[in-house]
Every structure is written in structure tokens, then in C-alpha cells.
Amino acid sequence: LSDLTEEGLRAFVAEQLDRSRSRTVQLTDAVDTDDLVRQHSKLMSPLVWDYAHIGNQEELWLVRDVGGREPVRQDIDELYDAFMHARADRPTLPLLGPTETKAYVVEVRDKVLDVLDHVKLGGGRELVENAFAFGMIVQHEQQHDETMLATHQLRTGVPVLDAPEPPAGRRLARSEVLVPGGVFEMGTSVEPWALDNERPAHAVRVTPYVIDTAPVSNGDYLRFVVGGGYTDPKWWSEAGWAHVQKASLVAPRFWEQADGNWMRTRLGHRELLPLDEPVMHVCFYEAEAYAAWAGKRLPTEEEWEFAARFDPATGRTRRFPWGDESPGPQHANLGQRHLRPAPIGAYPAGASPLGVEQLIGDVWEWTSSDFKPYPGFRAFPYDEYSLVFFGNDYKMLKGGSFGTDEVVARSTFRNWDYPIRRQIFAGFRCARDPLPSELG
Ligand code: AVJ
Ligand code: FE
């Protein structure tokens, strides 16, 4: 991005805006009007709210702030302010209907393309340096697209989305590796579109640990389920045990038993549980309990990022497990290219130097860390992206899922959610402290 000319940068931005919009249109055109305005779960907004909210954020930042233009629809700002109304209450608001919403987002986008043609990108104005505000809005749309995909998962009825199957899996030579530890640069000060909570880069020392070479699979997780994992408090934290009882959890969300088979429902398809695919739709507490049952623990966010970025041969911190190259289809399952996580071993080209695979894509991975700012954090450009969420309420997720776009899925990207949430495309991998014998 930084080596592009201003014209090249404009073309890149236009292409990214276009890609995110195609995805939004695909996700919303796929369902009928009733499915657009209906609330499929109390946990989610109606799809038509996400759609207009995408346009409203784009209007606020790119039309009004960056472009200095007149508002398109100032009267609706309050309806689409995520902090004014909880998701559960959004269907009761006087929202724009589907036709009005489509017209609104098109009108905003036309103005944004005009702003993009005329605005000076950079020149000391931090908001547009390297087209940052445009990148932020592209990522905002892609993040809401992933949220809309999760709404599709909660929707009942016949499948409406389509995509080719992911590549085949393969058996990994080892199930875990010793990571020798060391000092690396966590976060980033150089990725031009990194969001505020990923900044700044700072040195972090990681002591040696052992990490799984792959995410925990459905087959692995099934052994915990059938082995009585959900009925033995010994594997659960106090908060986890309280939750599993209160919510009557017995298996991951969307799993069920029928005629002696374990089935799962995925975007309208009811299918035999694929044993070799990473487990998903588990909450943090379930991930934590499984890890305890397996004699392991979850990695910290630091350990996860160290495994994804550190190159032991050179001591350098890299952008991705495979190197500095941006993700291609050979590296990782991203961008809704497939509508499911790929089986274990499907991405040998995405392996880290130590042989840790599928860190990027497939499923978000729960870590044991809370959402804390990095040393030197500065909220930019607004407090409500990250700052208001710091504390002990949220757990960190890393790596992105099959529904995360590559413009978002940096190794430094930080996602967070409540430890009870299961509708997101989240799984996990385990880690553990090394045995003295392993340290030699
Ligand atoms: C970073 C995924 C937790 O969806 O709540 C969207 C992203 N922020 N609109 C979310 C976000 C504002 C955020 N997550
Ligand atoms: Fe948003």
C-alpha cells in the first residue's frame, strides 16, 4: 500500500469498496423482504439494520468528515448508532425499509466515489494518510458482512448461499510443537490499515510453550461431549460451570443427535457432523473446559500471535505464519470463499515455520486473554471502536474465520466477544506449559 502512487492508492481503495459492497449485496439479495426485516435471533440485528448501518457509518466518516460534504440523511443517524439501541430492540425502531435502505447506501456510495476522486490522500491529515478512513470503512463493512453471515446461520429455512467446497484435509505429522519462546514485536505500527487497538508495535517476551499444530476438530471435541465433559464440574471454571448449567449447554450450538448420529446444521444444511473440521460455535467457557479435559489450556493472545508471526530462523516478526505475503487462496480459508471451515490439514502452504497450521482463517480462535490496550494505545479515530470495550468483560479471538475478509484478517487483528457467545464462527486450539524434559 505504501509503495502505491496516489492514483494507485485510489484504484486500490475503489476496488476494496467494490468488493465489500458486492458481498453485502450478495448477503442481502439472497433473502426475501421478510427475512431482511425480521429478527432471526435476539442476539442479532435485522439484516436491514446492518445494511443501513453500513451506509450510515460510510456517510459519517467519508461523506461528512473526510469529504466535508452536506449530510445525506442526518435524520437517521440516531437509528443506526449501535450505542443508542441494543440489538434486541432494533426491530422495534422506525428503520428504513429494504427499498429505502438500498437507495440510501447507493446514494452514499456515489458521493464517496466522488470524494475519493477529489480528496488529497495524506498531506499531513492523519484520517486520510494511506487512505486510512477508507480502509476503516471497508473493514467496517466486511466485519458487518461477517455478522450478517452469522445471522444467516441463525436463520431457519432452506439454504440460500452457495460456494465451492474447501480443499481436502491431510494428516499432520505432529499434533503439537514446542515453541522456544523469545522476544517479538506484538501489534503493529506499520500496517497502514491496522485499527487503533492493534497499535503500537511493542516488544513482548514469551516463555517457551507447546501449541497444537491445528485447531481442535469436531471429532476431538465429540470425545469430550460423549465422555461426559458437560456434566463434570471438574473441567469448568466457576463462571463456566455456572453458565453451562444456567444455559443448559450439552454440546456446541447447532449440533444435535438423531438416530444415533451426530448432526449439525450449517447455513440451512443439515449434515453429518464432519469429524475432521475445526469445531465451531463453542463459547469461551466450552473451549476452556475442553482444554482442561485434554490436560492443556488455551493460549494467551501473546502466545497465539507469537506462533503466527515469529520466525525462529531469523528472529524476525513477520506479517503472517507463511511470511510477509498477503493471504492468497492457497494460504487460508477466508472471505466466505467457502461456506465452512476447511478440514484439518487443508492449508499446508499456510503453515508457520514450526509447522503450526490454520492460524489464519477457518475459525476464530478463543484465547485466554482479556481485551486490554497495548502500551502507548491511542484511541483513533473514535473511542467507540475499542476504548469503551477495554476491561475484563470480553475475551480475545484471533486469526479470523472462513467468513472474515482478507482486508481484516491480519495476524495483528484483535477481535473480542463475551465469553458466553456461540453464534460467531469461533473455535480454538490448545496450548500447554512444556515439560522439563521437553526443554532439554
Ligand atoms: C470487532 C467484531 C467486535 O462487530 O462489534 C462493527 C466490529 N465495530 N461496528 C463488532 C464493529 C463497529 C466489532 N467487532
Ligand atoms: Fe458497526
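A few remarks follow.
- Compactness index (Cα Rg / 2.2 N^0.38 Å), region 212-351: 1.19
- Taking 4 °C and 1.567 mPa s as conditions, region 1-148 diffuses translationally at an estimated 82 µm²/s according to Stokes-Einstein applied to its Kirkwood radius (Cα pairs).
- For Ser368, residues with placed amide H under 5 Å, excluding near neighbours: Thr300, Glu301
- The orientation-averaged shadow of the Cα convex hull for region 125-212, equal to a quarter of the hull surface, comes to 10.0 nm².
- Helix 284-293 vs. the chain, principal-axis angle (Cα, 0 to 90°, nearest 10): 20 degrees
- Mean separation of Cα contacts under 8 Å, 6 or more apart, over the residue count of region 245-373: relative contact order %: 22 percent
- Accessible area in square angstrom per residue, the chain, 1.4 angstrom probe: 41 Å²
- Sorted largest first, extent of region 167-286 alpha carbons per principal axis (Å): 53, 39, 31
- Its Cα gyration tensor gives region 340-387 an equivalent ellipsoid; the semi-axes, largest first and in whole Å, are 31, 13, 11.
- Cα shape, region 295-440, gyration tensor, a/c 1.5 rule: rounded
- Under 19 Å from Lys120, Cα to Cα: lysines that are on another chain or at least 8 residues apart: Lys111
- Rounded percent of accessible protein surface that carbon and sulfur make up, region 143-189, 1.4 Å probe: 52 percent
- Whole-percent carbon and sulfur share, accessible surface of region 315-440, 1.4 Å: 51 percent
- Percent antiparallel among DSSP beta bridges (both partners in the chain, rounded to 5): 90 percent
- Counted residue by residue at 0.36 nm each, then reduced by the alpha carbon distance between them, the extension gain from Asn392 to Val250 reaches 48.5 nm.
- Förster radius 45 Å - calculated FRET efficiency between Leu4 and Gln257 (Cβ-Cβ, nearest 0.05): 0.25
- Sites count as exposed loop sites when they are trypsin sites (Lys or Arg not before Pro), lie in a DSSP loop, and have at most 12 other Cβ atoms within 10 angstrom; the longest stretch of the chain without one is 175-377.
- Separation between Cα centres of region 319-372 and region 48-106, rounded to whole Å: 33 Å
- Kirkwood-Stokes translational diffusion coefficient of the chain, alpha-carbon pairs, 20 °C, 1.002 mPa s, µm²/s: 95 µm²/s
- Normalised by the number of residues in the chain, the average gap of Cα pairs under 8 Å and 6 or more apart makes the relative contact order 18 percent.
- Between Pro274, Pro321, Pro299, the GNM of the chain built on Cα springs shorter than 10 angstrom shows Pro274 fluctuating the most.
- Between Asp232 and Ala30, the simple spin-label model (points 7 angstrom out along Cα→Cβ) gives 3.9 nm.
- Charge dipole magnitude, Cβ of K and R +1, D and E -1 - the chain, Cα centre, debye nearest 20: 1140 debye
- Taking the charge dipole of region 1-152 about its Cα centre, with +1 at Lys and Arg Cβ atoms and -1 at Asp and Glu Cβ atoms, the residue from Pro71, Ala103, Phe83 reaching farthest to the positive side is Phe83.
- Here each label is just a point 7 Å from Cα along the line to Cβ, and for Glu126 and Glu165 those points are 5.1 nm apart.
- Region 1-88: projected area of the alpha-carbon convex hull, averaged over directions, in nm²: 7.4 nm²
- With both labels modelled 7 Å from their Cα along Cα-to-Cβ, the Arg378 to Thr265 distance reads 4.9 nm.
- Separation of alpha-carbon centers, region 226-245 and region 128-145, rounded to whole Å: 40 Å
- Relative frequency of Cα-Cα separations exceeding 22 Å in region 349-434, percent: 32 percent
- MRE, 222 nm, helices only [DSSP H, n ≥ 4, -39500 (n - 2.57), over the chain, to nearest 500]: -9000 deg cm²/dmol
- Of Ala351, Ala239, Ala313, the one that fluctuates the most in a GNM where the chain has Cα springs shorter than 10 Å: Ala313
- Range in the chain, longest, excluding exposed GluC sites (Glu not before Pro) [loop by DSSP; at most 12 other beta-carbon atoms within 10 Å]: 1-324
- Length gained on full extension, Thr156 to Trp241: 27.7 nm, using 0.36 nm per residue less the C-alpha separation.
- All lysines inside 21 Å of Lys246 as judged from Cα atoms, apart from same-chain residues fewer than 8 positions distant: Lys42, Lys234, Lys395
- Relative contact order computed over region 364-404 (Cα-Cα under 8 Å; 6+ residues apart), in percent: 63 percent
- Between Val37, Gln57, Ser20, the Cα set farthest toward the positive side of the dipole of region 1-64 (charges on each charged residue's Cβ, about the Cα centre) is that of Val37.
The values are calculated or read from the model by the stated rules, or taken from the named source; none is laboratory data. Since the structure is predicted, the reported quantities are computational estimates derived from the model, not experimental observations. Ideal geometry is used to build each Cβ from the backbone, glycine not excepted, and the neighbour counts take in all protein chains shown. Protein only, heavy atoms only, side chains kept; ligands, DNA and RNA dropped before computing areas. Shrake-Rupley method; radii C 1.70, N 1.55, O 1.52, S 1.80 Å.
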